[in-house]
Amino acid sequence: MSTVAELAAQIQQLSPEDRHELMRLLLVDSDDGDQDADEAWHNEIVRRVKAIRNGEAAIRALQDEWRE
């Protein structure tokens with residue numbers, strides 16, 4: 001198996017277009033881990049909206065926060 005240094009040397013031999021495509025593929029692959037974060041944010045937003053609708057939380061304008 002190649003080391004990172006060996007891979008980096010091979011990448012330098014690629015055309016700019018191929019390097020761009022490789023970067024795109026690597027970024028897409030690394031975005032898979034964000035599914036958990038996306039789901040967590042979605043759940044938090046749903047929780048907060050429910051709390052507001054149930055009267056358990058109040059909405060305050062951001063401007064109100066700055067005046068305090």
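Number of residues in segment 1-19 that are among the β-branched types (Val, Ile, Thr) and under 27 Å from the mean Cα position of the chain (by Cα) equals 2. So which residues in segment 44-65 are of a type in the set (Val, Ile, Thr) and surrounded by 11 or more Cβ atoms within 10 Å (Cβ to Cβ), if there are any at all? Once the filter is applied, which keeps residues that are of a type in the set (Val, Ile, Thr) and surrounded by 11 or more Cβ atoms within 10 Å (Cβ to Cβ), segment 44-65 yields VAL49, ILE52.
The combined condition, being modelled with pLDDT under 80, of a type outside the set (Phe, Trp, Tyr) and not in a helix (DSSP H, G or I), is fulfilled by SER2.
The values are calculated or read from the model by the stated rules, or taken from the named source; none is laboratory data. What you are looking at is a predicted structure, and each value in this text was computed from that prediction instead of being measured. Ideal geometry is used to build each Cβ from the backbone, glycine not excepted, and the neighbour counts take in all protein chains shown.
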